[in-house]
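Worksheet: one structure, shown below.
A short reminder: the numbers here are calculations on the coordinates, not readings from a lab. Just so we're clear, the structure is a prediction, and the values are computed from it rather than from any experiment. Neighbour counts are summed over all protein chains in view; Cβ atoms, including those assigned to glycine, are modelled from backbone coordinates with ideal geometry.
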Amino acid sequence: MAKTYRVGVASMVHDHVWGELGHWSKMPNIELVAAGDVNADLRDKIKAQYNVSQVYESWQEMIEREELDIVQAASENSACADIVEACAAKGIHVISEKPMAATLSQAERMVSATEGAGTQLMINWPTAWSPAIQELERRIVAGDIGQLFYFKQRSAHNGPKEIGCDPHFWGWLYDEEKNGAGALMDYCGYSADMCARFLGLPAQVTGFRGVFVKDYAVPDDNAIILMKYPHAFGVAEACWTQTTGYATNNPVAYGTEGSIAISGNKLIVQRPGKETEEIEAPPTQAPRRSGPEYLIHCLESGEPIEGFCSMSVSRDAQEILEAGKRAADSGQTMNLPLND
C-alpha cells in the first residue's frame with residue numbers, strides 16, 4: 001500500500017507558498033495536516049482554502065506537536081535554517097522556497113543539519129519547473145552548444161509592493177536582515193543558481209547594488225553580480241524598478257559551438273553556418289512538473305535530488321550571492337571560496 005505523507009506548513013509569509021499548496025492538494029498520497037504562522041489572517045486563509053484544521057500560532061509549535069513526514073517551509077530567508085534544524089531533529093524532510101537562506105552561514109547550517117539527520121532538503125526554484133528552462137538545461141548539460149563560456153539571466157519587475165505581493169511578503173523582502181539584501185538576494189539568485197548548476201563555483205565574484213528609483217526604504221532596488229570562472233563568465237541581474245516586460249531574450253547561454261536564448265516558451269538556437277532555429281519547448285513531464293511532485297518521487301524512489309533544486313547547487317548559489325553582496329558593499333572583488 002502506498003505511503004501517505006503528512007505535510008505541515010512552516011510559516012506562510014513567502015507568497016510562493018500558495019502556488020505550492022495548490023500542487024500539494026492535488027497529490028493523491030498527501031495529507032495537509034497542519035500549519036504554523038504568527039499571522040492570524042494567514043492561518044485563516046489556509047483553513048479556508050485548503051481545509052487545514054490544525055493551525056498553530058508558530059511554526060515551532062507545529063513541529064513540536066505534530067507527527068509530520070514533510071514540512072513545506074515558506075518563511076523569511078533568515079528563518080530557513082532554524083526550520084530545517086528543527087525538522088532534522090525530528091527526521092522530517094523539508095522543501096523550502098528559494099533562495100536557500102539570507103546568509104551563507106545559515107545555508108551551511110542547513111546542509112549540516114540535513115546531512116547529520118539523513119533527511120532530504122529541496123530548495124524550490126520556480127525556474128526548475130519551466131519547460132523552456134528544462135530544455136535549456138538538457139541541451140547545455142548534453143554539450144549541445146559546446147563548452148559554455150557565458151551565461152546571463154536578468155530577473156526583473158517593478159517591485160514586490162508594486163506588483164501586488166502580500167504585505168507579509170514584501171515586508172520582509174524590504175528588510176536586509178530577514179531577506180539578506182534587497183533585489184540582489186531576491187532576484188540575482190536565479191542566475192546564481194543556474195550558473196552554479198552549469199559551471200559550479202566561480203573563482204572570483206564582483207557585484208554592485210544600489211537604490212536608483214524607489215522613494216521608500218529598501219536595501220537595494222537594482223543589482224548586478226559578475227562571476228568569473230576559469231573559462232567562463234556568469235552574469236546575474238536583478239531589478240525591482242522595471243515597468244515593462246523583458247526587452248531581450250532571457251536567459252542566454254553562449255558556448256563554443258553555438259548559443260541558446262529563451263523567448264517565452266521558445267528556444268532560439270544559433271550555430272555557426274546554420275539557420276537560426278526556433279524550438280517550442282516540450283511540456284514538462286512527471287516527476288519534474290513541480291517541487292512537491294519531484295520531492296515525493298525522490299523519497300519514493302530513493303533517487304537523490306538533482307539539478308537546480310538540490311541542496312549542493314543551492315548552497316553554491318548562496319555563496320555566489322554572499323560574495324556578490326560583500327563585493328558590492330566593500331568595492332572589492334571576492335575570491336572564492338569565501339573565508340568567514
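Calculate how steeply helix 104-117 sits against the longest principal axis of the alpha-carbon atoms of the chain, using the helix alpha-carbon long axis, and give the answer as 0 to 90 degrees to the nearest 10.
Tilt of helix 104-117: around 60 degrees.
For Cys309, what charge total do you get from the other residues with a beta carbon under 14 Å from its beta carbon, if Lys and Arg give +1 and Asp and Glu give -1?
-3
Which FRET efficiency value, to the nearest 0.05, do you get for Ser263 and Cys165 by plugging their Cβ-Cβ distance into 1/(1 + (r/R0)^6) with R0 = 22 Å?
FRET efficiency, Ser263 to Cys165: 0.25.
Between segment 274-340 and segment 167-186, what is the C-alpha centre distance in whole Å?
A separation of 20 Å, based on Cα centres.
Taking the Cβ of each residue in Phe198, Phe208 as the centre, tally the other Cβ atoms inside 10 Å and list the residues starting with the fewest.
Phe208, Phe198
Mind sorting out which of (i) 79; (ii) 72; (iii) 55 is the real percent of Cα pairs over 24 Å apart computed from the coordinates?
Answer by label: (iii).
Given just the C-alpha atoms of segment 91-159, how large is their convex hull per residue in cubic angstrom?
Considering the Cα atoms of segment 91-159, their hull volume per residue is 157 Å³.
Using only the alpha-carbon atoms, how far is helix 40-50 inclined from the longest principal axis of the chain? Give it as 0 to 90 degrees, nearest 10.
Result, in degrees: 90.
Please give the helix 183-199 orientation as an angle from the longest Cα principal axis of the chain, in degrees from 0 to 90, rounded to the nearest 10.
Taking Cα atoms only, the helix is inclined about 70 degrees.
Once you list every other residue whose beta carbon is under 15 Å from the beta carbon of Glu57, what net charge do they have if Lys and Arg are +1 and Asp and Glu are -1?
Every neighbour counted, the sum reads -2.
Based on alpha-carbon positions alone, could you give the equivalent ellipsoid semi-axes of segment 174-276 from the gyration tensor, as √(5λ), descending, whole Å?
Three semi-axes, in Å: 29, 18, 10.
In terms of modelled amide H atoms, which long-range or inter-chain residues lie less than 5 Å from the amide H of Gly159?
Gln242
DSSP loop GluC sites (Glu not before Pro) in segment 264-324 with at most 14 other Cβ atoms within 10 Å of their Cβ, which ones?
Taking segment 264-324 and a limit of 14 other Cβ atoms within 10 Å, the loop GluC sites (Glu not before Pro) found are Glu275, Glu306.
In a shell of Cβ-Cβ distance under 13 Å around Glu257, excluding Glu257 itself, what net charge do Lys and Arg (+1) and Asp and Glu (-1) give?
+2
Using the Karplus equation 6.51 cos²θ - 1.76 cosθ + 1.60 (θ = phi - 60°), what ³J(HN,Hα) coupling, rounded to whole Hz, does each residue of segment 302-316 give in order, writing x for Gly and Pro?
Once θ is set to phi - 60°, the couplings for segment 302-316 become x, 6, x, 6, 10, x, 4, 8, 5, 5, 5, 5, 5, 5, 5 Hz.
What value, in deg cm²/dmol to 500, does the helix sum -39500 (n - 2.57) over DSSP H runs of n ≥ 4 give at 222 nm once divided by the residues of the chain?
-11000 deg cm²/dmol
With the radius of gyration and the Kirkwood radius both derived from the Cα set of segment 100-259, what is their ratio Rg to Rh?
Taking Rg over the Kirkwood Rh, I get 0.98.
What's the longest piece of the chain with no exposed trypsin sites (Lys or Arg not before Pro), counting a site as exposed if DSSP puts it in a loop and it has at most 11 other beta carbons within 10 Å?
27-273
Quick one: order Leu68, Leu199 by neighbouring beta-carbon count within 10 Å, fewest to most.
Least to most surrounded, the residues fall as Leu199, Leu68.
Through the Karplus equation 6.51 cos²θ - 1.76 cosθ + 1.60, θ set to phi - 60°, convert the phi angles of segment 150-162 into ³J(HN,Hα) values in whole Hz; use x for Gly and Pro.
7, 9, 9, 9, 10, 10, 7, 7, 8, x, x, 5, 5
Taking the Cα atoms of segment 219-337, report the difference between the largest and smallest coordinate on each principal axis, in whole Å and largest first.
45, 44, 35
Quick one: which residues, 5+ away or cross-chain, put their amide H under 5 Å from the amide H of Ile30? H built at 1.01 Å from N.
Amide H to amide H, under 5 Å and 5 or more residues apart or across chains, Ile30 pairs with Tyr5.
Can you list the chymotrypsin sites (Phe, Trp or Tyr not before Pro) in segment 226-322 that are in a DSSP coil and have 15 or fewer other beta carbons within 10 angstrom?
In loop regions of segment 226-322 (DSSP not H, G, I, E or B), the sparsely surrounded chymotrypsin sites (Phe, Trp or Tyr not before Pro) are Tyr246.
Taking only the alpha-carbon positions of segment 5-124 and ignoring solvent, what does the Debye formula give for the base-10 log of I(q)/I(0) at q = 0.11, 0.15 Å⁻¹?
Listed by q, the Debye log ratios stand at -0.30, -0.58.
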